[in-house]
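What follows is a set of notes on a single structure, which appears directly below.
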Amino acid sequence: MTLESLIATARAQGASDLHLEPGLPAALRVRGTLKTFGEPVPSRTLADIARETIGAAEWPRFLERRSYDLSRTIQGVRCRINILQTSRGIGFAIRLLASFQATIEKLNLLPDLKRLVAAPHGLIILSGPTGCGKSCTMAALIQEINLTDSRHIVTIECPIEYTFRSKLSYIRQREVGRDTPSFEQALIDALREDPDVLMVGEMRDPPTMQLTLTASETGHLVLATMHSATCAEALQRLVSAFPSEIQNSVRAQLADCLVAVISQRLRYRPDLKIRVPELEIMLPSIPVKNYIRNGDFFKIAQIMEVGAEQGMWTWQRYANWLEKKKDWHIPDASEQADSDPIEGTSPPALPALSGAARQSGHTEPARRAPSPGGEGRGEGGPIPASHRPGGPIEIEPVEGGLSALIKQLGEK
């Protein structure tokens, strides 16, 4: 039994997730349902697979933290892998990512999403429960910008799940634990890296949330994910993560910079034999902004019910649209992701991050092949500022505000 053979079986069964636990049969999540197959997996076998997957150089990090995150292409499938210590031994939780390059059309998403990512600055929040396809949708939004606009995109992820080949845009991807010690440090760095678009893999804590809001106010379009069931709940969770004495200012900041909130869930369509994303989309109309400033998040649902003309979508309205949709894209096994070939080559060795600096996760050593025009330049080389829409983007000085912010967060 090898990890490659298990991934191959999972792919053949159309599984989205593979779970391995010592003494238990392997489990697959197929169309949202968990089912087991084969004989119980021995503890020694999983320990050997874990050591081989992580590698000798990174093994001490796993022993220190008792968990390890990485992404890797196995049997032609891009996988997000979490290796964890449990009461039975070492287990695996593996997410099988789409084998094709995610786009709005290929994911059967609403075409109106293209208008959202055309915004020059502000904050787009993508929310939903674990396993609802947020990563695929986020990749599709980034790819839409990449295919239609000349913008500098910086992604901050833990780990990198989908890799992008620069088309019209200039894309840099940073992995927490490998390329940067934390989401917070990467966001602070980004303010000096001249980005047009920032993608934050997940807003997990108040410092990350605050820096994300700050970035969206300083001339950047920021896309970020978080866990919540509805759009209103996403906003409420974001605000409630801060101390009560600063929640008023956070709500005002959020109301001013918000572009959209998208909540997502998946539903299996027996007629198509695929799972289809269902969305709830909230846009910051004047009443919505007032409710956010006042903290009346429970009233936002009422505005969304009558907000169809403004471009808002409730779950029911979106379900009705899906019922009328005719041009479905059914994933084909022959489709391949148009992504950078990051497997097989290694960048120059760098000192390992210290235990204090790693914080958010530990990932595999970088394996990125340089592109013809230099790292991150893609096919067309760097994009001059004068060629971007609207000319060069001026980023206002933020030293004083950012320093005060960092000091404030440190005191807390």
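Taking the stated definitions as given, is residue 71 outside the structural domain of residue 47 (by TED's automatic domain parsing) and touching a Lys or Arg at 6+ places or on another chain (Cβ under 9 Å)?
No, not satisfied.
Meeting the requirement of 1 or more residues that are closer than 19 Å to residue 129 by Cβ, the helices (runs of 4 or more DSSP H) wholly within the stretch 251-339 are 300-305, 315-324.
Sort out which residues of the stretch 22-51 are in contact (Cβ under 8 Å) with a residue 40 or more places away in the chain and more than 24 Å from residue 132 (Cα to Cα), and write them in order of number. Steps first, please.
If we filter the stretch 22-51 for residues that are in contact (Cβ under 8 Å) with a residue 40 or more places away in the chain, which is where we start, we get 22-24, 29, 31-32, 41, 43, 45-47, 49-50.
Within the stretch 22-51, 22, 23, 24, 41, 43, 45, 46, 47, 49, 50 qualify.
Restricting attention to the stretch 174-196, which residues are in contact (Cβ under 8 Å) with a residue 24 or more places away in the chain and in contact with an Asp or Glu (Cβ under 9 Å, 6 or more places away or on another chain)? 175, 176, 177, 178, 180, 183, 184, 186, 196, listed by residue number.
Evaluated against (1) assigned to a loop (DSSP other than H, G, I, E, B); (2) in contact with a Leu (Cβ under 9 Å, 6 or more places away or on another chain); (3) within 24 Å of residue 236 (Cα to Cα), residue 130 falls short on exactly one condition, (2).
Tell me, yes or no, whether the stretch 277-293 has at least one residue that is surrounded by fewer than 21 Cβ atoms within 10 Å (Cβ to Cβ) and of a type in the set (Gly, Ala, Ser). Yes - at least one qualifying residue is present in the stretch 277-293.
Of all the residues that make up the stretch 156-191, how many are of a type in the set (D, E, K, R) and at pLDDT below 90?
Our first condition is that a residue be of a type in the set (D, E, K, R); within the stretch 156-191, this holds for 157, 161, 165, 167, 172, 174-175, 178-179, 184, 189.
Still in the running and at pLDDT below 90: 161, 178.
Residues meeting the conditions: 2.
Take the conditions of a type in the set (A, V, I, L, M), modelled with pLDDT of 95 or more and part of a strand (DSSP E or B) and apply them to residue 153. Does it pass?
On the way: of a type in the set (A, V, I, L, M): yes; modelled with pLDDT of 95 or more: yes; part of a strand (DSSP E or B): yes.
Yes: the conditions hold for residue 153.
In the stretch 75-96, the residues that are among the hydroxyl-bearing types (Ser, Thr, Tyr) reach residues that are assigned to a loop (DSSP other than H, G, I, E, B) with C-beta atoms within less than 9 angstrom, at least six apart or across chains, in these pairs: 86/21.
Restricting attention to the stretch 151-173, does a residue exist that is without any contact (Cβ under 8 Å) to a residue 60 or more places away in the chain and small (Gly, Ala, Ser)? No: zero hits.
Against the conditions (1) over 19 Å from residue 81 (Cβ atoms); (2) touching a Pro at 6+ places or on another chain (Cβ under 9 Å); (3) surrounded by fewer than 23 Cβ atoms within 10 Å (Cβ to Cβ); (4) of a type outside the set (Asp, Glu), residue 163 satisfies every one except (1). Exactly one of (1) in contact (Cβ under 8 Å) with a residue 12 or more places away in the chain; (2) more than 24 Å from residue 117 (Cβ to Cβ) is unmet by residue 289. Its number? So residue 289 meets the others, but not (2).
For the stretch 290-309, the set of residues classified as more than 13 Å from residue 236 (Cα to Cα) and within 27 Å of the chain's Cα centre (by Cα) consists of 304 only.
For residue 131, indicate whether it is within 24 Å of residue 246 (Cα to Cα), outside the structural domain of residue 17 (by TED's automatic domain parsing) and surrounded by fewer than 21 Cβ atoms within 10 Å (Cβ to Cβ). Taking the combined requirement at face value, the residue does not satisfy it.
Go through the stretch 184-203 residue by residue and tally those that are within 21 Å of residue 243 (Cα to Cα) and either surrounded by fewer than 18 Cβ atoms within 10 Å (Cβ to Cβ) or not assigned by TED's automatic domain parsing to the domain that holds residue 144 (or both). The total comes to 0. Highlighted here are the helices (runs of 4 or more DSSP H) found entirely within the stretch 1-103 that include at least 3 residues which are surrounded by 20 or more Cβ atoms within 10 Å (Cβ to Cβ): 3-12, 43-54.
The values are calculated or read from the model by the stated rules, or taken from the named source; none is laboratory data. Because the structure is predicted, anything quoted here is derived from the model rather than measured. Cβ sites come from the backbone with ideal geometry, for glycine too, and all protein chains shown count toward neighbours.
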